[in-house]
1. For the range 26-57, give me each residue that is farther than 19 Å from His83 by Cβ and in contact with a Phe, Trp or Tyr (Cβ under 9 Å, 6 or more places away or on another chain).
2. Pick out, from the range 1-83, the strands (runs of 3 or more DSSP E) lying fully within it that include 3 or more residues that are within 17 Å of the chain's Cα centre (by Cα) and over 29 Å from Phe156 (Cα atoms).
3. Do you know which of the residues in the range 55-94 that are under 23 Å from Lys108 (Cβ atoms) and among the basic types (Lys, Arg) is surrounded by the most Cβ atoms within 10 Å (Cβ to Cβ)?
4. What pairs can you find where one residue is in the range 24-45 and touching a residue at least 40 places away in the same chain (Cβ under 8 Å), the other is of a type in the set (Phe, Trp, Tyr) and surrounded by 14 or more Cβ atoms within 10 Å (Cβ to Cβ), and their Cβ atoms are less than 6 Å apart, with a gap of 6+ or different chains?
5. Which of the residues spanning the range 51-83 are at pLDDT 95 or above, touching a strand residue (DSSP E or B) at 6+ places or on another chain (Cβ under 9 Å) and of a type outside the set (S, T, N, Q)?
6. Counting only residues that are in contact with a strand residue (DSSP E or B) (Cβ under 9 Å, 6 or more places away or on another chain) and farther than 17 Å from Val32 by Cα, which one in the range 107-128 is surrounded by the most Cβ atoms within 10 Å (Cβ to Cβ)?
7. Against the condition closer than 19 Å to Glu19 by Cβ, polar (S, T, N, Q) and either modelled with pLDDT of 85 or more or in a helix (DSSP H, G or I) (or both), how does Gln121 come out, does it pass?
8. Only one of (1) under 18 Å from Ile27 (Cα atoms); (2) in contact with a helix residue (DSSP H, G or I) (Cβ under 8 Å, 6 or more places away or on another chain); (3) in a helix (DSSP H, G or I) fails for Ile136. Which number is that?
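The values are calculated or read from the model by the stated rules, or taken from the named source; none is laboratory data. Source: prediction; values computed, not measured. Every residue, glycine as well, gets a Cβ built from its backbone with ideal geometry; the counts of neighbours run over all protein chains shown.
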Amino acid sequence: MIILGVDPGTLLTGYAVIESNHHKPRIIASNVIKISSANELPVRLKQIYDTLINVIDKYEPDELAIETAFYSKNVQSTLKLGHARGVSILAAVNKKIPAVEYSPREIKKSVVGNGNASKEQVKFMVCQILKMKTGIKFFDVFDAAAVALCHHNRIFSGNSNSYKTWKDFIRDNPSRVRK
């Protein structure tokens with residue numbers, strides 16, 4: 001399975017493509033989409049969309065994993081982040097790729113084991129797991145790889161949290177039901 005992880009932003013959007021299997025994920029590609037602040041927001045969003053479409057066409061991921069929006073004190077920043085997330089998800093949907101979302105805390109806990117981990121701790125663990133070079137300038141690349149790793153871990157841990165009903169969960173996890 002190929003997973004495209006995205007760390008959205010309107011000035012820097014990180015992405016990482018990993019090949020995921022039961023044993024060991026491996027990095028295929030990673031980069032950051034650098035967007036000039038001189039461009040109007042719609043132009044920036046188009047650049048994110050177009051770049052992700054090119055990445056999807058080139059690497060043919062099976063699924064997209066993206067960080068959910070977090071709320072900051074600056075409402076405008078939160079809204080702009082939502083736009084970047086929207087065009088990222090739209091790129092996947094237009095290519096008929098399922099998109100899943102993970103909270104920053106969930107990603108950190110999955111990759112580092114601590115939901116309050118620092119960016120440096122996330123970078124260290126991503127580099128250890130995927131054998132990535134630590135000299136990459138932007139944390140956004142490591143964050144995108146962490147999102148992809150979180151999805152890999154979720155898939156292969158048997159805990160997908162993608163059940164539509166309790167009945168489906170109980171059917172697939174009878175040992176977890178108290179009697």
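1. Those that are farther than 19 Å from His83 by Cβ and in contact with a Phe, Trp or Tyr (Cβ under 9 Å, 6 or more places away or on another chain): Ile28, Ala29, Ser30, Asn31.
2. none
3. The residue in question is Arg85.
4. Final answer for the pair search is Val32/Phe138.
5. Matches in the range 51-83: Leu52, Val55, Ile56, Lys58, Tyr59, Glu60, Pro61, Asp62, Glu63, Leu64, Ala65, Ile66.
6. Ranking the qualifying residues of the range 107-128, first place goes to Ile107.
7. So Gln121 fails the test.
8. The number of the failed condition is (3).
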